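Below is one structure, written out as structure tokens; comments come after it.
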Amino acid sequence: MKFRRFFLAGAGVCLSVPGSLMAAGGPFAVDDALIAPERGLIVETWYSRQGTGSDERVAVLNYGWSERTELGLGVARERESGESVNLVELGAKRVLTHAPVDGLGIALAANVVINADDDRLQAMEAAVPVDAPVGDGRFVFRYNLGWSHDRDSDDRNVMTWGFGGDLLVIPAVSAIAEIYGDQRDSTEIQTGVRFDLGFGSELDVVHGWERRDPDIRWWTVGLALEF
């Protein structure tokens, strides 16, 4: 399936740290350098559907273990060509610097993916997310460099990368765009709009496609809640 793998480490929302720094997270693949508030919870869920009829359902729970550490648990159900697979993901993120305070946000993120149908380790991933606010912080540039090991792809290690940006268009509405991939698979692009619904909730509407094959497209709707 050409959907991006879900990243529990990437679940941050605007209220995670002081200031107006926006966060990617949710169905977006380019991770941010933000985490859930200490002793706080962020719940994210989204549904993606590809033009071929394949789909993906994801739910993620992130817990702020400390001021700089987040732990995550996620479940997903992917369906392709009539066959389904259930996945469980465990993740952690450690924030090294906060962009609103230090001018640049840097974090370390890692996660493992387990096939729940046969209790088999399917993938391991690690990345360094970087957030760079521009000007007054209405625009945030993001960069990821990482590593992935997928047992379903010839048991190979690959380098992963991603570039993205968030732009606060008007109060409570942000535009997000990203491009990401690795040294083995084709490059993928996602664009979307995030709506701040108030009371710690956000709604994402996302469109994605493969750069080399624009006929492969998907739509995603996601919701995030902070407690």
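Every number in this text was worked out from the coordinates using simple rules, so none of it is lab data. Here the structure is a predicted model, which is why all the values come from computation and not from measurement. Every residue, glycine among them, receives a Cβ derived from its backbone with ideal geometry; neighbour counts consider all protein chains shown.
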### Summary
Only helices counted: for the chain, with every DSSP H run of 4 or more residues adding -39500 (n - 2.57) and the sum spread over all residues, [θ] at 222 nm is 0 deg cm²/dmol
### Task
Work out from phi, with θ = phi - 60° and the Karplus expression 6.51 cos²θ - 1.76 cosθ + 1.60, the ³J(HN,Hα) of each residue of the range 80-90, listed in order in whole Hz, and give x for Gly and Pro.
9, 6, x, 10, 10, 9, 9, 10, 10, 10, 10
#### Entry: Sparsely packed trypsin sites (Lys or Arg not before Pro) within the range 152-227, loop by DSSP, other Cβ within 10 Å at most 15
R184, R211, R212
### Residues whose placed amide H lies under 5 Å from that of A107, excluding near-sequence neighbours
L96
### Summary
Counting only DSSP loop positions in the range 172-205, the chymotrypsin sites (Phe, Trp or Tyr not before Pro) whose Cβ has at most 16 other Cβ atoms within 10 Å are F199
### Task
Per residue of the range 133-143, in order, report the coupling 6.51 cos²θ - 1.76 cosθ + 1.60 (Karplus, θ = phi - 60°) as ³J(HN,Hα) in whole Hz, putting x for Gly and Pro.
x, 10, x, 7, x, 5, 10, 10, 8, 10, 9
### Query
So what is Rg over Rh here for the range 35-129, counting just Cα atoms and using Kirkwood for Rh?
1.06
### Task
Determine the principal axes of the Cα atoms in the range 90-139, then give the extent along each, sorted from largest to smallest and rounded to whole angstroms.
49, 19, 11
### Query
Can you pull out the trypsin sites (Lys or Arg not before Pro) in the range 104-143 that DSSP calls coil and that have at most 15 other Cβ atoms within 10 Å?
R138
### Query
Which three extents, in whole angstrom, do the alpha-carbon atoms of the range 98-227 cover along their principal axes, largest first?
46, 35, 34
### Query
Counting pairs of Cα atoms in the chain, how many percent are more than 28 Å apart?
22 percent
### Amide H contacts under 5 Å for T187, placed H, 5+ residues apart
R211, R212
